[in-house]
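The values are calculated or read from the model by the stated rules, or taken from the named source; none is laboratory data. Here the structure is a predicted model, which means the values were calculated and not measured. Positions of Cβ are backbone-derived with ideal geometry, glycine not excepted, and every protein chain shown enters the neighbour counts.
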Amino acid sequence: MGANINLSFEEMWEKIIACDSKYDGLFFTAVKTTKIYCRPSCRSRKPKKINVEFFYDIKEVEKAGFRACKRCQPESDHSPHIELVRNVVAFLVNHYKQKLELQDIANHVGVSSYYLERLFKQETSETPRSYLEKIRVDKAAYLLTSTDRTNLEICYEVGFQSPSNFYKVFRRLKNSSPSEYRMLLNKE
């Protein structure tokens, strides 16, 4: 299917639990007990975590003996522009730590920045910048709850250029400051 991304098992698991359609085509969920594979956004009943394998390519998953889900039809593309969007998403996931301008992303996929922004918004309902912010905030949230790093260290590690922007975007997307988020989740 094309683009390679680097997500951990836990990150992919979170995407299928959330039925996140932005990752459709970037990886596939295969269920060992049923021998069926699905898109991350499939609305079928979620399998037990222990029964799940993830694959990045349809050929790989089918070679492993899995068949396509009849509900989400992961082997078919629903949009003529989906490959471009997949490549942009993979690029953002793999380069979120870097300082990225819209023109950098457009150059990577070989289209104009205007066309990229219009197409990406049409397919995902958000801009590449807002999508990148979500990736960075999700990574920051994970680091806040799984490490002892300071908020400032995490801010720069996930690609924000300034602490004020990090706090503003984090609060907008998570409805709390990074410190509040860490305290809330550590209490649970």
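When we screen Asp20, Asp24 for residues that are among the charged types (D, E, K, R), touching a residue at least 40 places away in the same chain (Cβ under 8 Å) and outside the structural domain of Gln122 (by TED's automatic domain parsing), the only hit is Asp24. Within region 144-158, identify whether any single residue is closer than 30 Å to Glu83 by Cβ, surrounded by 15 or more Cβ atoms within 10 Å (Cβ to Cβ), under 17 Å from the mean Cα position of the chain (by Cα) and at pLDDT 95 or above, and answer yes or no. Yes, region 144-158 contains a residue that is closer than 30 Å to Glu83 by Cβ, surrounded by 15 or more Cβ atoms within 10 Å (Cβ to Cβ), under 17 Å from the mean Cα position of the chain (by Cα) and at pLDDT 95 or above.
On the given criteria, is Arg39 surrounded by 15 or more Cβ atoms within 10 Å (Cβ to Cβ), under 20 Å from the mean Cα position of the chain (by Cα) and basic (Lys, Arg)?
Against the criterion (surrounded by 15 or more Cβ atoms within 10 Å (Cβ to Cβ), under 20 Å from the mean Cα position of the chain (by Cα) and basic (Lys, Arg)), Arg39 qualifies.
Which residue, of Pro128, Pro163, is in contact with a Cys (Cβ under 6 Å, 6 or more places away or on another chain) and assigned by TED's automatic domain parsing to the domain that holds Tyr96? Answer to the selection: Pro163.
Note on region 1-26: among residues that are surrounded by 22 or more Cβ atoms within 10 Å (Cβ to Cβ) and under 16 Å from Glu83 (Cα atoms), the one that is farthest from the chain's Cα centre (by Cα) is Gly25.
Scoring Gln98 on the criteria (1) part of a loop (DSSP other than H, G, I, E, B); (2) surrounded by 13 or more Cβ atoms within 10 Å (Cβ to Cβ); (3) not basic (Lys, Arg) leaves a single failure, condition (2). Which residue pairs have Cβ atoms closer than 8 Å, lie 6 or more positions apart in sequence or on different chains, and pair a first residue in region 54-65 that is more than 17 Å from Tyr23 (Cα to Cα) and in the same structural domain as Ile36 (by TED's automatic domain parsing) with a second residue that is aromatic (Phe, Trp, Tyr) and surrounded by 16 or more Cβ atoms within 10 Å (Cβ to Cβ)? Going by the 8 Å Cβ cut-off, the qualifying pairs are Glu62/Tyr37; Ala64/Phe55.
Yes/no per residue for (1) farther than 30 Å from Glu153 by Cβ; (2) polar (S, T, N, Q):
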site	(1), (2)
Ser8	no, yes
Glu14	no, no
Phe66	yes, no
Leu84	yes, no
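Could you tell me how many of the residues in region 42-61 are modelled with pLDDT of 90 or more and either buried (at least 20 other Cβ atoms within 10 Å of the Cβ) or in contact with a strand residue (DSSP E or B) (Cβ under 8 Å, 6 or more places away or on another chain) (or both)? Qualifying residue count for the region: 7. Within region 43-66, the set of residues being within 20 Å of Arg86 (Cβ to Cβ) and in contact with a Ser or Thr (Cβ under 7 Å, 6 or more places away or on another chain) comprises just one member, Phe54. Tell me whether region 108-127 contains one or more residues that are surrounded by fewer than 19 Cβ atoms within 10 Å (Cβ to Cβ), over 18 Å from Trp13 (Cα atoms), among the acidic types (Asp, Glu) and more than 19 Å from the chain's Cα centre (by Cα). Checked against the condition, which is being surrounded by fewer than 19 Cβ atoms within 10 Å (Cβ to Cβ), over 18 Å from Trp13 (Cα atoms), among the acidic types (Asp, Glu) and more than 19 Å from the chain's Cα centre (by Cα), region 108-127 yields no hits at all.
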